[in-house]
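The values are calculated or read from the model by the stated rules, or taken from the named source; none is laboratory data. Model, not experiment: these values are computed from the prediction. Ideal geometry is used to build each Cβ from the backbone, glycine not excepted, and the neighbour counts take in all protein chains shown.
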Amino acid sequence: MQNNSKKRFLIARCDVLGDVVLSTALIPAIKDHYPNSEIYFLANKNYKGFLNKIPEIKQVIECNLPYSISFKHINQIFSLAKEIKKLKIDIFLNLWENPWYSFLSFLVFSPIRLNFKTSIWNILFASKTIPVNQKDFHTHQVTTNLSILKGININNTKKYEPYLKSIKTSSTILKNNSLQKNNYIVINLGAACSKRALELKDITIIINYILQYHKKFQVVLTANSPINITSIDQHKHPNIINLVNKLTILDLITISKYSKLIISADTGLAHIACAFKIPTIINFFTRIQNPLKWSPYNSPTTIIWSSHNCIDICSPNTCPKITCKENINLDKYKEAINKYLHPSFEYISQKNQKFKDGLKILLIGNNK
């Protein structure tokens, strides 16, 4: 049921690109139920550019608070609250479990302040809290984000997904790099946490496989930080397009939107891909990474993880065990690449080839 009142919503999710992209699923949900509403978005300055391109967002409020907030940032919090208060926000949607953002919502004096019930501070500063089971590893983060709307009686939210499709993209980045739509594969080399990224030696094998068996496709290399790709780029293959550390987020959205396939770790790029239903091959190494919660949402996805043998809880920032990455099965990458690029192509691993050769010799003998 629609509510035609002109409410002002503020969505707060400030931290990393993937989380910001996933939180955009709230935009169409709000607009469907409050068609006359105004939507404001609180986000880090790095994401202001692409969020401003979503026409349903009235204004992006720049938040430069660090990922880890402490009492020494109290003046910044009060200053930000003063700025937001001028907007007379009716409904403050705090998707970030950090209690400082709950405190911020309290300072803004919004009549409706919705927080997740994850801490005593969230309960204290909210007008209403939404229960969330932090031990439930089977619920995707998009579903969790949308559940906050239950606080304003928006309950049927299953159809809503990350919302980037209304962004008008320019094909300039494609033309400047001689890229043809749907004829290139994007391989993201890095990740915000280096423990999540595939080793360059493994990426080199994957690239060589694509260049050998799927020759018509270009390979676009991306990363949002400087990475030494000498080992990959040494042959200067004409089908390798090096865009490492050269793209804005809007460029990355365009590159993703028109790609044939994306290969990445658990990064913002993988979540951008799901907004356009681009097939994605994504790796998960450490136990703290939960593919049911953080994999690309409702889009064609192949998840590949290492044969992880840690017996303790492994954190991607601290785990000293090299086996987190060493046990990745590259044959699974090759099989997935074939499935998305050329479904009729059959990749036979060395192990399976030896089995087939042995079976053939057993049945018809060795003709050598």
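Per-structure values
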item: Failed item in (1) in a loop (DSSP other than H, G, I, E, B); (2) more than 27 Å from residue 37 (Cβ to Cβ), with residue 205 passing the rest; result: (1)
item: Contacts under 8 angstrom Cβ, first residue in the range 114-125 being not assigned by TED's automatic domain parsing to the domain that holds residue 97 and among the charged types (D, E, K, R), partner assigned to a loop (DSSP other than H, G, I, E, B) and crowded, with 16+ Cβ neighbours inside 10 Å, 6 or more apart; result: none
item: Residue count, the range 175-205 (criterion: in contact with a helix residue (DSSP H, G or I) (Cβ under 7 Å, 6 or more places away or on another chain) and buried (at least 20 other Cβ atoms within 10 Å of the Cβ)); result: 6
item: Among residues of the range 103-137, those that are polar (S, T, N, Q) and modelled with pLDDT of 90 or more, counted; result: 5
item: In the range 120-167, residue farthest from residue 12 (Cα to Cα) [restricted to those that are part of a helix (DSSP H, G or I) and of a type in the set (Ser, Thr, Tyr)]; result: 143
item: Failed item, numbered, when residue 113 is tested on (1) closer than 21 Å to residue 23 by Cα; (2) crowded, with 17+ Cβ neighbours inside 10 Å; (3) within 24 Å of the chain's Cα centre (by Cα); result: (3)
item: Breaking point among (1) modelled with pLDDT of 95 or more; (2) touching a Ser or Thr at 6+ places or on another chain (Cβ under 8 Å); (3) in a strand (DSSP E or B), for residue 93; result: (2)
item: Helices (runs of 4 or more DSSP H) contained entirely in the range 222-310, each with at least 2 residues that are at pLDDT below 95 and surrounded by fewer than 19 Cβ atoms within 10 Å (Cβ to Cβ); result: 230-233, 291-294
item: Output for the range 35-82, where each listed residue is closer than 14 Å to residue 21 by Cα and hydroxyl-bearing (Ser, Thr, Tyr); result: 47
item: Of all residues making up the range 153-171, the number that are loosely packed, with under 11 Cβ neighbours inside 10 Å, within 15 Å of residue 249 (Cβ to Cβ) and not charged (D, E, K, R); result: 1
